[in-house]
Amino acid sequence: MSAALCLLLGLTALMSPAAEALDNGLALTPTMGWLHWERFMCNVDCDKEPDTCISERLYMQMADVMAKEGWKEAGYEYVCIDDCWPSHQRDAQGRLQADPKRFPGGIKKLADYVHSKGLKLGIYADLGKNTCAGYPGSLGYYETDAQTFADWDVDLLKFDGCYMDWTLLGEGYMNMSKALNKTGKSILYSCEWPLYEWPFKQPNYTAIRETCNHWRNFADVYDSWSSVKSILEWTASHQDIIVPSAGPGGWNDPDMLVIGNFGLSHDQQESQMALWAIMAAPLLMSNDLRDICPRSKELLQNRHIIAISQDPLGKQGYRTAKVDSFEVWERPLSKNRLAVAVLNMQEIGGPRGFAIRTAPGWKICDPRCNVTQILPQYKEMGVQTPQSQMVLSVNPSGTALLTVTPISSDFKGRQKLHWQDTSVKRKHATIL
Ligand SMILES: *[C@@H]1O[C@H](CO)[C@@H](O)[C@H](O)[C@H]1NC(C)=O
Ligand SMILES: *[C@@H]1O[C@H](CO)[C@@H](O)[C@H](O)[C@H]1NC(C)=O
Ligand SMILES: *[C@@H]1O[C@H](CO)[C@@H](O)[C@H](O)[C@H]1NC(C)=O
Ligand SMILES: *[C@@H]1O[C@H](CO)[C@@H](O)[C@H](O)[C@H]1NC(C)=O
């Protein structure tokens with residue numbers, strides 16, 4: 001075999017799609033929806049706080065708003081229950097049952113209601129003896145619980161990993177995946193297998209991708225910039241391991257969007273939205289959609305950012321440079337385009353300028369490219385070249401987000417070369 005052919009084959013292997021995904025036809029692009037945990041946690045006191053307690057009312061009201069106020073049209077589809085929904089006792093047949101006081105209609109009726117709004121319902125359970133908040137776990141009941149959720153017509157299961165022997169995590173997550181499949185109903189399967197395994201060993205992402213539609217890797221998100229930053233840093237420092245496992249059918253899950261709550265400035269909210277799109281992350285909002293400020297709503301419904309998130313190529317982006325307290329993150333998009341996010345990590349002073357030609361992915365602008373700025377505001381920047389003098393102004397803890405479309409006269413030959421370059425670069429991304 002010639003050296004050139006060898007090289008070509010090697011590069012093709014790097015570019016080949018991720019390993020086999022769980023074959024349930026779901027999550028071909030990152031999941032979009034709403035999940036109660038970060039904002040509403042385990043508030044079960046419906047006497048004192050009827051509007052914010054974990055009850056069927058909360059999900060019905062969220063579904064109403066999602067259907068009425070543009071969320072569904074923007075792509076947000078799943079209304080998801082987290083921990084604290086069940087009764088502390090299983091029923092006489094050993095099945096989970098919803099808390100009768102807080103869910104008087106039961107989960108099946110709630111699913112019917114959510115479906116009547118054109119949306120889908122997600123539920124929560126746990127691999128181990130108990131859920132994290134101490135409700136009944138599914139250990140020993142995987143088939144029963146999978147069948148119960150299918151009978152209730154539930155569309156998504158978030159399966160937590162509390163109170164479980166870590167050496168059985170893989171077996172347990174795989175068993176539940178099979179149990180869900182056996183019901184014959186496609187149920188989106190959201191796992192936390194790697195999150196619970198990382199303290200002991202490096203998780204097997206090939207197996208995880210075969211088993212789950214998305215998987216949490218790192219700590220729960222909090223409503224703070226330090227939390228969002230820690231998730232970005234963890235992701236970048238493990239990107240060589242986790243990025244290749246993402247693709248249609250299975251995604252890395254950096255946890256919920258906390259946009260529209262209390263802890264992030266508007267610039268920081270823009271950073272979370274931009275970077276979650278670059279990371280091909282599930283977009284599961286945890287906020288109060290009944291009472292959200294118009295700017296946060298507009299950001300969460302920004303169709304240009306959502307188009308990056310949902311790009312059909314299905315490749316996760318990664319950090320490509322860290323220089324002068326800027327971070328550059330890039331995501332390959334369909335039609336040879338590239339999304340570029342420039343994050344200003346300097347939390348003192350005012351807006352700072354970043355010369356875009358220094359972004360590693362800018363080489364797709366040879367000989368020319370067409371640039372659209374999406375954040376901080378939409379602006380068509382027109383045709384640029386490798387020598388572009390364009391300087392982005394980025395606020396402290398804010399992000400500038402662009403899409404870059406190469407323009408080339410001999411397009412066919414070039415397009416291949418550019419993506420090979422990007423794949424090779426990814427291999428060395430941790431040298432940063
Ligand atoms: C179950 O798995 C098989 C084989 O992977 C797949 O073809 C089928 O669509 C799956 N069914 C459901 C309901 O997920
Ligand atoms: C997984 O299923 C296998 C085969 O039925 C069983 O032997 C094993 O105990 C199960 N493990 C867990 C953690 O459920
Ligand atoms: C990881 O999982 C895959 C798929 O289940 C398996 O083929 C492979 O042997 C596993 N790798 C290791 C190192 O255990
Ligand atoms: C550049 O992109 C904008 C926005 O999509 C489009 O309107 C414009 O026609 C493009 N220009 C070129 C030269 O491709």
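Of all residues in the range 154-177, those that are in contact (Cβ under 8 Å) with a residue 24 or more places away in the chain and over 14 Å from Tyr124 (Cα atoms) have Cβ atoms under 6 Å from Cβ atoms of residues that are in a loop (DSSP other than H, G, I, E, B) and away from ligand 2 (no atom under 12 Å from the Cβ), 6 or more apart or on another chain, in Trp166/Phe200.
Run Ile348 past the list (1) assigned by TED's automatic domain parsing to the domain that holds Ala67; (2) in a loop (DSSP other than H, G, I, E, B) and report the number of the one that doesn't hold. All conditions are met except number (1). Close Cβ contacts (under 9 Å, 6 or more residues apart or on different chains) running from residues in the range 392-404 that are free of Cβ contacts under 8 Å to residues at least 60 places away in the same chain to residues that are surrounded by fewer than 24 Cβ atoms within 10 Å (Cβ to Cβ) and among the polar types (S, T, N, Q) comprise Leu392/Gln373; Ala400/Gln373; Ala400/Ser393. One residue stands out in the range 178-207 among those that are farther than 26 Å from Leu121 by Cα and assigned to a helix (DSSP H, G or I): the one that is farthest from ligand 1 (Cβ to nearest atom), namely Glu197.
Checking the structure you have, find out if any residue of the range 260-268 is hydrophobic (A, V, I, L, M, F, W, C), outside any helix (DSSP H, G or I) and under 24 Å from Ala63 (Cβ atoms). Scanning the range 260-268 turns up at least one residue that is hydrophobic (A, V, I, L, M, F, W, C), outside any helix (DSSP H, G or I) and under 24 Å from Ala63 (Cβ atoms). State all residues of the range 315-357 that are small (Gly, Ala, Ser), surrounded by 23 or more Cβ atoms within 10 Å (Cβ to Cβ) and more than 18 Å from Glu233 (Cβ to Cβ); if no residue qualifies, say none. Result: Ala339, single match. The residues listed here are Ser309, Ser334; of these, the one that is more than 26 Å from Arg368 (Cβ to Cβ) and either in contact with a Cys (Cβ under 7 Å, 6 or more places away or on another chain) or of a type outside the set (Val, Ile, Thr) (or both) is Ser309. For the range 270-287, the count of residues that are over 20 Å from Phe218 (Cα atoms), more than 15 Å from the chain's Cα centre (by Cα) and in a loop (DSSP other than H, G, I, E, B) is at least one.
I'd like the full set of residues that are away from ligand 4 (no atom under 12 Å from the Cβ) and out of contact with any Lys or Arg (no Cβ under 7 Å at 6 or more places or on another chain), limited to the range 365-395. Talk me through it step by step, then tell me what you get.
Here is the first cut: in the range 365-395, the residues away from ligand 4 (no atom under 12 Å from the Cβ) are 365-367, 375-377, 385-395.
Selection gives Cys365, Asp366, Pro367, Leu375, Pro376, Gln377, Gln389, Met390, Val391, Leu392, Ser393, Asn395.
Given the criteria under 27 Å from Ala281 (Cβ atoms), in a helix (DSSP H, G or I) and in contact with a Ser or Thr (Cβ under 7 Å, 6 or more places away or on another chain), does Ala111 qualify? Against the criterion (under 27 Å from Ala281 (Cβ atoms), in a helix (DSSP H, G or I) and in contact with a Ser or Thr (Cβ under 7 Å, 6 or more places away or on another chain)), Ala111 does not qualify.
The values are calculated or read from the model by the stated rules, or taken from the named source; none is laboratory data. The structure displayed is predicted, hence computed values, not measured ones. FYI the Cβ positions are ideal-geometry reconstructions off the backbone, even for glycines, and counts take in every protein chain you see.
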